[in-house]
Every structure is written in structure tokens, then in C-alpha cells.
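Just so you know, all these numbers are worked out from the coordinates, no wet-lab data involved. Given the structure is predicted, the values throughout are model-derived calculations rather than measurements. Every residue, glycine among them, receives a Cβ derived from its backbone with ideal geometry; neighbour counts consider all protein chains shown.
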Amino acid sequence: MNTRKSEKFSATPQFENGVRTVFLRGELDLSVAPDLRKVLEPLVGNEDEDLIINLKELKYIDSTGIGILLSILKARQGMSGRFFVREIPDHIHKLFELTGIAKFFAE
């Protein structure tokens with residue numbers, strides 16, 4: 001029995017000084033992946049803006065969420081705008097290390 005209280009997912013974009021930041025909050029899993037893709041789709045291809053995904057308030061991420069981050073990384077390769085994942089909570093950073101992807105999100 002899962003006693004963990006689910007936290008509603010949200011993805012909030014913000015634009016400031018030529019940088020687009022998307023703040024993720026709650027739990028990112030398969031059930032909310034379409035919502036995140038809908039927010040990110042128009043932003044990922046804009047190669048003149050830096051894109052930051054801020055995970056400070058992300059409580060959980062599954063393999064689907066990790067796959068989305070990796071797909072952004074791949075799509076942004078060769079663009080003038082850079083891509084960063086920032087403020088990664090310790091428990092998520094440990095997951096990134098275990099899966100071998102932490103090196104792709106290092107600054």
C-alpha cells in the first residue's frame with residue numbers, strides 16, 4: 001500500500017533577460033508527461049534563448065520524466081541557446097547519478 005501523498009504537478013515558464021526558465025513542482029511521472037510536453041514544445045526549439053529547467057520544488061521524477069529531460073538535451077545540441085537543469089534536489093540528483101545522467105546536467 002502506497003502511503004505517500006501525491007503532490008500535484010505543475011510546470012511554470014518564466015522569461016527574464018533572454019532566459020526561459022521552466023519551474024517544475026510536484027511529481028513528474030507518466031501521467032503528467034503530456035502536460036509537461038505541452039509546456040516545453042514551443043520552448044525547446046527556440047535556439048536564441050537559453051532554457052533552464054528548475055527542479056527545486058520537484059518531489060519525484062520517474063523514467064518518463066528523465067526521458068523528457070534527455071530528449072530536450074538532445075534537441076538543444078548545436079543550438080546557440082544553452083540548456084541547463086538547475087537546483088536539483090539531493091534525492092533526484094542521487095537518481096541522476098545512479099542512472100549515469102548527472103554528468104549531462106553538470107554546469
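A few remarks follow.
- DSSP-defined beta bridges in the chain - what % are antiparallel, rounded to 5: 35 percent
- Once the Cα atoms are used to define both axes, helix 63-76 deviates from the longest principal axis of the chain by about 10 degrees.
- Mean separation of Cα contacts under 8 Å (6+ apart) over length of segment 14-104, as relative contact order %: 32 percent
- Evaluating 6.51 cos²θ - 1.76 cosθ + 1.60 at θ = phi - 60° for every residue in segment 23-36, the Karplus couplings come out as 8, 9, 9, x, 10, 9, 9, 3, 5, 10, 3, x, 5, 5 Hz, glycine and proline recorded as x.
- 0 to 90° range, to nearest 10: angle between helix 90-99 axis and the chain longest Cα axis: 80 degrees
- Seen from residue 20, the other residues with C-beta closer than 9 Å to its C-beta sum to a net charge of -3, counting Lys and Arg as +1 and Asp and Glu as -1.
- Near the amide H of residue 53, within less than 5 Å, lie the amide hydrogens of 22, 84, 85, 86, all on another chain or at least 5 residues away, with H placed in the peptide plane.
- Once the Cα gyration tensor of the chain is diagonalised, semi-axes √(5λ) in Å: 23, 16, 12
- Taking every lysine pair in segment 14-104 that is 8 or more places apart or spans two chains, those with Cα atoms closer than 16 Å amount to 4.
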